[in-house]
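The values are calculated or read from the model by the stated rules, or taken from the named source; none is laboratory data. Worth saying up front: this structure is predicted, and the values here are computed from it rather than measured. Every residue, glycine among them, receives a Cβ derived from its backbone with ideal geometry; neighbour counts consider all protein chains shown.
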């Protein structure tokens, strides 16, 4: 489980504090997080290696005298998976400080419009198929004071970590891959074409792509000089995600398989295979 990483010392302290059940204390500031939007409201589709940057916008209202320097104190948005804040199974936070602009001030409060990015590295954050689900959104505040001068054989670390839940949800999905190959090429008009392909999806436990069986995939065709595909038929993926069907060749054009996605896996369209009909 990776924790907030603005400064090595701060991240270490916050990581330790997050192992305990978060609880309010005298140092808990009065913070309000609102209008949280994760990834522009769209599902977050993640493969096995590439880092996905998740943009997050929100409104933060804080005490006017609260100093947030992102060295000894930090504020931001976290995503987590689990039944509750105290029973989270996985969690991620931003590495860098958010960009905030004051939109309103009073004698006691400051309201800011903030933007941050969570860099989701699947090899660091996603461990199993269960991570492809609805994640919850929380706001956090971390504070640390330290005395690491051990010349007197004594050091001191004083830290706190607060989480505020109920701020929304975000869907994380497994990325899919889809191939297509129509044979023979070229083909005579009226001859049978065999169109094969494979549907696979990210397996975060192994860091590879695995076959996605028993899924409905549409075979689509776009005639030469046409601007859009039309659906020819629906095919169900078999063992290891294999796809295969036949059609009669009628005109020059491009065939592709198209997968609409599921609640756990992102949509994907194969790169088309152009067929020359003689």
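One line per residue, one yes/no per condition, for (1) within 30 Å of residue 208 (Cα to Cα); (2) within 21 Å of the chain's Cα centre (by Cα); (3) modelled with pLDDT under 95; (4) buried (at least 16 other Cβ atoms within 10 Å of the Cβ):
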position	(1), (2), (3), (4)
30	no, no, no, no
44	yes, yes, no, yes
51	yes, yes, no, no
99	no, yes, no, no
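Among the residues of the range 38-74, write down those that are within 26 Å of residue 261 (Cα to Cα) and either assigned to a loop (DSSP other than H, G, I, E, B) or free of Cβ contacts under 8 Å to residues at least 24 places away in the same chain (or both).
40, 41, 42, 43, 47, 48, 49, 50, 51
I want to confirm something. Restricting to the range 254-264 and keeping residues that are at negative phi and surrounded by fewer than 21 Cβ atoms within 10 Å (Cβ to Cβ), which single residue is farthest from the chain's Cα centre (by Cα)?
Here the residue is 254.
Say whether the condition of being surrounded by 15 or more Cβ atoms within 10 Å (Cβ to Cβ), within 25 Å of the chain's Cα centre (by Cα) and within 30 Å of residue 132 (Cα to Cα) is met by at least one residue in the range 220-241.
Taking every residue of the range 220-241 in turn, at least one turns out to be surrounded by 15 or more Cβ atoms within 10 Å (Cβ to Cβ), within 25 Å of the chain's Cα centre (by Cα) and within 30 Å of residue 132 (Cα to Cα).
So if I check each of 151, 156, 160, which one is at pLDDT below 95 and surrounded by 13 or more Cβ atoms within 10 Å (Cβ to Cβ)?
160
In this structure, does residue 68 turn out to be over 12 Å from residue 115 (Cα atoms) and surrounded by 15 or more Cβ atoms within 10 Å (Cβ to Cβ)? Please lay out each step first, then the result.
Details: over 12 Å from residue 115 (Cα atoms): yes; surrounded by 15 or more Cβ atoms within 10 Å (Cβ to Cβ): yes.
Yes; evaluated as a whole, the condition is true for this residue.
Is it true that some residue in the range 204-217 is on the phi > 0 side of the Ramachandran plot, at pLDDT 95 or above and out of contact with any helix residue (DSSP H, G or I) (no Cβ under 6 Å at 6 or more places or on another chain)?
The answer is yes; a qualifying residue exists.
What is the number of the single condition among (1) surrounded by 13 or more Cβ atoms within 10 Å (Cβ to Cβ); (2) free of Cβ contacts under 8 Å to residues at least 12 places away in the same chain that residue 87 does not meet?
Among (1) surrounded by 13 or more Cβ atoms within 10 Å (Cβ to Cβ); (2) free of Cβ contacts under 8 Å to residues at least 12 places away in the same chain, the lone unmet condition for residue 87 is (1).
Quick check, is residue 177 touching a residue at least 60 places away in the same chain (Cβ under 8 Å) and either surrounded by fewer than 13 Cβ atoms within 10 Å (Cβ to Cβ) or on the phi > 0 side of the Ramachandran plot (or both)?
Against the criterion (touching a residue at least 60 places away in the same chain (Cβ under 8 Å) and either surrounded by fewer than 13 Cβ atoms within 10 Å (Cβ to Cβ) or on the phi > 0 side of the Ramachandran plot (or both)), residue 177 does not qualify.
Looking at the range 101-130 only, could you name the residues that are under 30 Å from residue 208 (Cβ atoms) and surrounded by fewer than 14 Cβ atoms within 10 Å (Cβ to Cβ)? Full working, then the answer.
At the first step, the residues of the range 101-130 found to be under 30 Å from residue 208 (Cβ atoms) are 117-130.
If the condition is that a residue be under 30 Å from residue 208 (Cβ atoms) and surrounded by fewer than 14 Cβ atoms within 10 Å (Cβ to Cβ), then 123, 124, 128, 130 are the ones that fit.
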